[in-house]
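S.K.: Handing you a structure now.
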Amino acid sequence: MKAFDYQRATDLATAQQQASDSGSRFLAGGTTQLDLMKCEVERPERLVDITHLPGLDAIHVTGERILLGSLAKMSRVADHPQIRATAPALADSLALAASAQLRNMATLGGNLLQRTRCSYFRDPQGYDACNKRNPGSGCAALDGLNRNHAVLGTSAHCIATYPGDLAVALTAFDAVLHLRAPDGSSRQTPIATFFWQPGDRPDLEHDLAPGELITAIEIPVTPALKRSHYLKVRDRASYEFATASAAVGLELAKDGTVADVHIAVGGVATVPWRAREVEHALRGQPFDEATLRTAADAITQGAVAQTHNGYKITLLPRVIARALMIAGGLA
């Protein structure tokens with residue numbers, strides 16, 4: 001690991017000024033940042049510790065919205081009684097994300113910004129060809145072992161999968177991120193546009209300027225959020241990244257048809273992926289297993305398999321259908 005300077009911020013404005021140059025990084029829980037530094041993917045000159053800044057770890061739940069501070073710990077949000085009652089999929093996405101030790105340290109903001117687990121990206125000594133780490137060098141995964149790589153949102157320059165769970169649930173339910181710039185100005189951006197597909201610049205991953213900080217996450221409270229579920233399929237039962245996942249929410253009409261539905265998927269795409277074609281196919285339709293399975297097949301439109309990951313195209317519709325059946329009481 002490269003030597004670095006460490007500074008503990010005493011206020012938000014100073015922290016953002018200290019971290020506004022390209023050689024600096026914010027440090028919160030550190031569960032991702034320190035990993036990246038150990039494998040020398042990240043080599044910052046300075047870490048700016050923001051863990052002691054007041055007011056950024058609040059949890060507010062009303063009948064209209066949930067507001068979560070970016071420094072709130074994953075375990076605290078996952079176990080919060082109002083979150084579990086109002087947003088089951090959100091709580092489950094956090095509870096299934098990592099070990100208890102990591103959830104006790106990791107913050108929501110840091111979790112959203114975690115980087116891919118692509119083995120070629122995380123091994124700069126073994127593989128130079130990674131457009132996400134070394135723009136213009138190529139993508140070793142295209143002709144390598146790509147069983148865990150993306151089938152949606154890929155390009156000829158990158159097929160790395162976005163690894164997180166929380167962002168999938170937030171994408172399903174139209175979350176908005178509150179951002180603060182170093183000059184003190186603030187803005188809000190939908191999470192649906194915050195993450196960027198790789199295109200020809202895989203190194204540009206999200207809509208966040210140097211020194212800009214996620215301060216809060218806002219989620220509207222809807223009937224579909226209250227009747228939601230997060231299903232995560234993985235190679236082993238615990239402490240593993242998703243092979244395929246689905247965050248779903250339902251609102252059923254009195255006649256048993258689907259009045260509203262929210263679906264996003266993870267483990268299969270370069271960004272948290274909203275399944276709008278499946279949502280469109282389900283609205284107004286009867287809520288039964290046959291309808292769910294037929295509609296879920298729409299997620300495969302535009303999917304591109306590589307040598308080893310074609311099974312994800314078969315698996316993903318089944319995960320969506322199963323998650324919807326659980327949320328709606330059919331399973």
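S.K.: If we keep just the residues of region 245-263 that are in contact with a Phe, Trp or Tyr (Cβ under 6 Å, 6 or more places away or on another chain) and part of a strand (DSSP E or B), which is nearest to residue 174 (Cα to Cα)?
M.R.: 262
S.K.: Also: Given (1) within 25 Å of residue 139 (Cα to Cα); (2) open to solvent by 10 Å² or more (accessible area, probe 1.4 Å); (3) of a type in the set (A, V, I, L, M, F, W, C), identify the lone condition not met by residue 281.
M.R.: (1)
Every residue, every condition in (1) touching a helix residue (DSSP H, G or I) at 6+ places or on another chain (Cβ under 6 Å); (2) in a loop (DSSP other than H, G, I, E, B); (3) surrounded by fewer than 23 Cβ atoms within 10 Å (Cβ to Cβ), yes or no:
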site: 204; (1), (2), (3): no, yes, yes
site: 209; (1), (2), (3): no, yes, yes
site: 230; (1), (2), (3): yes, no, no
site: 242; (1), (2), (3): no, yes, no
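S.K.: Looking for whichever is part of a helix (DSSP H, G or I), over 22 Å from the mean Cα position of the chain (by Cα) and either within 24 Å of residue 190 (Cβ to Cβ) or touching a residue at least 60 places away in the same chain (Cβ under 8 Å) (or both) here; the options are 323, 281. Which one fits?
M.R.: Testing whether each residue is part of a helix (DSSP H, G or I), over 22 Å from the mean Cα position of the chain (by Cα) and either within 24 Å of residue 190 (Cβ to Cβ) or touching a residue at least 60 places away in the same chain (Cβ under 8 Å) (or both) leaves just 281.
S.K.: I would also like to ask the following. Out of all the residues in region 186-212, which are modelled with pLDDT of 95 or more, farther than 19 Å from residue 264 by Cα and of a type in the set (A, V, I, L, M)?
M.R.: 204
S.K.: Which of the residues that make up region 142-173 are of a type in the set (Gly, Ala, Ser) and either open to solvent by less than 40 Å² (accessible area, probe 1.4 Å) or under 20 Å from residue 41 (Cβ atoms) (or both)?
M.R.: In the first step, residues of region 142-173 are kept if they are of a type in the set (Gly, Ala, Ser); the result is 144, 150, 153, 155-156, 160, 164, 167, 169, 172.
Of everything in region 142-173, those that are of a type in the set (Gly, Ala, Ser) and either open to solvent by less than 40 Å² (accessible area, probe 1.4 Å) or under 20 Å from residue 41 (Cβ atoms) (or both) turn out to be 144, 150, 153, 155, 160, 164, 167, 169, 172.
S.K.: A further question follows. Could you look through region 5-27, keep only residues that are part of a loop (DSSP other than H, G, I, E, B) and open to solvent by 30 Å² or more (accessible area, probe 1.4 Å), and pick out the one that is farthest from residue 211 (Cα to Cα)?
M.R.: Out of the qualifying residues, it is 10.
S.K.: For region 25-43, which residues satisfy the criterion of being more than 24 Å from residue 104 (Cβ to Cβ) and free of Cβ contacts under 8 Å to residues at least 60 places away in the same chain?
M.R.: Hit for region 25-43 is 43, nothing else.
S.K.: Name the residue that is farthest from residue 229 (Cα to Cα), counting only residues in region 57-84 that are part of a helix (DSSP H, G or I) and open to solvent by 30 Å² or more (accessible area, probe 1.4 Å).
M.R.: Only one residue tops the list, namely 76.
S.K.: For the list (1) closer than 27 Å to residue 160 by Cβ; (2) buried (at least 23 other Cβ atoms within 10 Å of the Cβ); (3) not aromatic (Phe, Trp, Tyr), I need the number of the one condition that residue 295 fails.
M.R.: It is condition (1) that residue 295 fails.
S.K.: Quick one: which helices (runs of 4 or more DSSP H) sit completely within region 87-141 and have at least 2 residues that are crowded, with 22+ Cβ neighbours inside 10 Å?
M.R.: 88-95, 108-112
S.K.: What's the number of the only condition in (1) buried (at least 20 other Cβ atoms within 10 Å of the Cβ); (2) outside the structural domain of residue 184 (by the TED database); (3) farther than 23 Å from residue 150 by Cα; (4) not basic (Lys, Arg) that residue 214 fails to meet?
M.R.: For residue 214, the exception is condition (2).
S.K.: Also, quick follow-up: Just name the residue that is farthest from residue 109 (Cα to Cα) out of those in region 155-206 that are charged (D, E, K, R) and free of Cβ contacts under 8 Å to residues at least 24 places away in the same chain.
M.R.: Among those residues, the one meeting the criterion is 183.
S.K.: If you don't mind, there's one more thing I want to ask. Could you list all residues from region 227-257 that are within 18 Å of residue 317 (Cα to Cα) and hydrophobic (A, V, I, L, M, F, W, C)?
M.R.: 231, 233, 242, 244, 246, 247, 248, 250
S.K.: For residues that are more than 21 Å from the chain's Cα centre (by Cα) and open to solvent by 10 Å² or more (accessible area, probe 1.4 Å), tally how many sit in region 28-48.
M.R.: Matching residues across region 28-48 total 6.
The values are calculated or read from the model by the stated rules, or taken from the named source; none is laboratory data. Quick caveat: nothing in here was measured; it's all calculated off a predicted structure. Ideal geometry is used to build each Cβ from the backbone, glycine not excepted, and the neighbour counts take in all protein chains shown. Remember, those area values only see protein heavy atoms, side chains included, never the ligands or the DNA or RNA. Shrake-Rupley method; radii C 1.70, N 1.55, O 1.52, S 1.80 Å.
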